[in-house]
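Trainee: Would you mind keeping the following structure in view while I ask a few things?
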Amino acid sequence: MITETKHMIIPEVVSDIIESELGGRISLMPVTEKDNSLESLPGDTLKFPCFRYIGKAEQVDENGQVTAGLLSADTTEAKVKKYAKAVCITDEARLSGFGDPIGEAAKQLAYSIDHAVDEELFSLLDNIPMQRKMAAEALTSDAVADALSLFGEELDGDKLLFTDAKGFAQLRKDPSYIRASDIGQRMICQGVVGEIWGCQIIISSRIRDSENSLEKQHFIVKPGALRLVNKRGTLLEVDREPDFMRSTLYASKHCACYLYDSARVASITVFTGLEDVSDKGLYTVPGSSTGDTRLIIPSDMLSGGGMRWAYLLSNENKLKGTFGTVLTGTTPWGGSGENIAAGTNNYIHAVLLNVENKPLKTATLEINKA
């Protein structure tokens, strides 16, 4: 009996199969740009530019001077992560098994890596700034329309709406819902189950209640919002154990994911509880006059659509507000530059309210006075 190639595991061939399958199960891949330019370069923490808009054009009088805009960029860091999985195949399964055990193992390894990368991409969406969120009681046609307002003038173009089966069931009952069969060639990618307000709908198990933020987010994402940078192509290693007459295939991929442009993401956010955000970067500084203070709220916590920040003053070091109950006696927050007369109070209670004045987030901070 002659041993032929078909009887052996050829790492290069299996690696190519895995590479060709990668990305097929990443639901966010249609709105994620892939970048292979950093392969084989040293370092495990990568820095990337995130460019800011230069602002709208200004009217210029005849013979007037045109003011140059500043093209600036923020820098974001992304840690290179290694995703790996292994499959063990006995000689009996490989030589006598039904079908193609090696090919199936390669597909399963690719799916396993895709699963991990998809979760990493969704975790980036989970942490988008509060300004990219539209508060809603539930996912409805009206909630989608309201969330689209967050895109401003950039409303046109392809958009994917990621929701769960429950959210899809709510949308498909709406008169504005368009069935997938009616979308035809306009379909952006596979897996689209319908469309509403120009957003093609994809069902994802990644859309679920968060126990940390007490939110459930349904995401509207435009292409280019996310980036996937490959540090190294798929590596396959085979470990042969002759004493057991089996082979183990180890597949690994090194890559980094990051949010390139948060302005291409909008979240329809259903708040499920009152989160304490006292440790999320809010703080106070002395105001400009004696007895005054200023409440500083970081940029990633500034209010989004259908919500606003307000505050109360007291001498009680405890949180204010009850989820689902209207909170009275608050004062609208006027921004980080606002001087707040603290008087004899020692604590300020910052509360994020919805349009019905029901609290969504709450924080209690010690007052720093002038």
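The values are calculated or read from the model by the stated rules, or taken from the named source; none is laboratory data. What you see is a predicted model; the values in this text were computed from it and never measured. Cβ atoms come from the backbone with ideal geometry, glycine included; neighbour counts cover every protein chain shown. Note: accessible area is taken over every heavy atom of the protein model, side chains too, but ligands, DNA and RNA are not part of it. Shrake-Rupley method; radii C 1.70, N 1.55, O 1.52, S 1.80 Å.
Trainee: Treating only the Cβ of Lys, Arg, Asp and Glu as charged (+1, +1, -1, -1), what charge dipole size does region 252-314 show about its Cα centre? Round to the nearest 20 debye. Show your work: numbers first, answer last.
Mentor: Working: 5 positive and 6 negative charges, 41 e Å.
Here the size comes out at about 200 debye.
Trainee: From the gyration tensor of the Cα coordinates in region 87-155, what semi-axes in whole Å does the equivalent ellipsoid have, largest first, with each one equal to sqrt(5λ)?
Mentor: Working: eigenvalues 428, 33, 21 Å².
One finds semi-axes of 46, 13, 10 Å for region 87-155.
Trainee: Rounded to the nearest 20 Debye, what is the dipole magnitude of region 148-283 about its Cα centre when Lys and Arg each give +1 and Asp and Glu each give -1 at the C-beta? Don't skip to the answer; put the middle values down first.
Mentor: Numbers: 18 positive and 19 negative charges, 82 e Å.
The dipole magnitude comes to about 400 debye.
Trainee: Next up: Given an 8 Å cut-off on Cα distances and at least 6 residues of separation, report the relative contact order of region 146-289 as a percent. Kindly include the intermediate steps, with their values, before the conclusion.
Mentor: Values: 217 pairs, mean separation 34.8, N = 144.
Value for region 146-289: 24 percent.
Trainee: Also: So if we plug the beta-carbon distance of Gln108 and Ala341 into 1/(1 + (r/R0)^6) with R0 = 56 Å, what FRET efficiency do we get, rounded to 0.05?
Mentor: Details: r = 64 Å, r/R0 = 1.15.
With a Förster radius of 56 Å, E is 0.30.
Trainee: Right, something else. Run the quick spin-label model on Ser314 and Val285: label points 7 Å from Cα toward the beta carbon, then report their separation in nm to one decimal.
Mentor: 2.8 nm
Trainee: Separation between the Thr272 and Thr328 pseudo-spin-labels, each 7 Å from Cα along Cα→Cβ, expressed in nm?
Mentor: With each label placed 7 Å out from Cα toward Cβ, I get 3.2 nm.
Trainee: Sticking with this one: Give me the Debye-computed log₁₀ of I(q)/I(0) at q = 0.10, 0.16 Å⁻¹ for region 196-341, equal point scatterers on Cα only, no solvent, two decimals.
Mentor: Evaluating at q = 0.10, 0.16 Å⁻¹ gives log10 I(q)/I(0) of -0.62, -1.09.
Trainee: Kindly sort Thr269, Thr140 by accessible area of their heavy atoms, largest first, with the probe set to 1.4 Å. List each step's numbers first, then the result.
Mentor: Details: Thr269 0, Thr140 60 Å².
Correct descending sequence by accessible area is Thr140, Thr269.
Trainee: Right, here's the next one. Which trypsin sites (Lys or Arg not before Pro) in region 142-221 sit in a loop by DSSP (not H, G, I, E or B) and have at most 13 other Cβ atoms within 10 Å of their own Cβ?
Mentor: On the way: sites: Lys159, Lys166, Arg172, Lys173, Arg179, Arg186, Arg206, Arg208, Lys216; in loops: Lys159, Arg172, Lys173, Arg206, Arg208.
Qualifying residues, ordered by number: Lys173, Arg208.
Trainee: Taking loop as defined by DSSP and a crowding limit of 14 other beta carbons within 10 Å, which GluC sites (Glu not before Pro) in region 334-370 fit?
Mentor: Within region 334-370, the qualifying GluC sites (Glu not before Pro) (loop, at most 14 other Cβ atoms within 10 Å) are Glu356.
Trainee: So, one more: To the nearest µm²/s, what D does Stokes-Einstein give for region 142-276 at 10 °C and 1.306 mPa s, using the Kirkwood radius over alpha carbon pairs as Rh?
Mentor: Values: Rh = 17.7 Å.
Answer from the Stokes-Einstein relation: 90 µm²/s.
Trainee: First select every other residue whose beta carbon is under 9 angstrom from the beta carbon of Met301; then total the charges, Lys and Arg +1, Asp and Glu -1. Show your work: numbers first, answer last.
Mentor: Working: positive: Lys280, Lys361; negative: Asp300.
Charge balance in the 9 Å sphere: +1.
Trainee: What list of ³J(HN,Hα) values in whole Hz, one per residue of region 131-138 in order, does the Karplus curve 6.51 cos²θ - 1.76 cosθ + 1.60 (θ = phi - 60°) give from phi, with Gly and Pro shown as x?
Mentor: Once θ is set to phi - 60°, the couplings for region 131-138 become 5, 8, 10, 10, 5, 8, 6, 6 Hz.
Trainee: Select from region 280-370 those trypsin sites (Lys or Arg not before Pro) which occupy a DSSP coil region and have at most 12 other Cβ atoms within 10 Å, ordered by residue number.
Mentor: Lys318
Trainee: Something else: How much net charge surrounds Ala135 when only the other residues with a Cβ under 11 Å from the Cβ of Ala135 are counted, with Lys and Arg +1 and Asp and Glu -1? Present the calculation step by step, with values, prior to reporting the outcome.
Mentor: Working: positive: Lys133, Arg308, Lys358, Lys361; negative: Glu137, Asp146, Glu215, Glu356.
Spelling it out: positives minus negatives among the neighbours equals 0.
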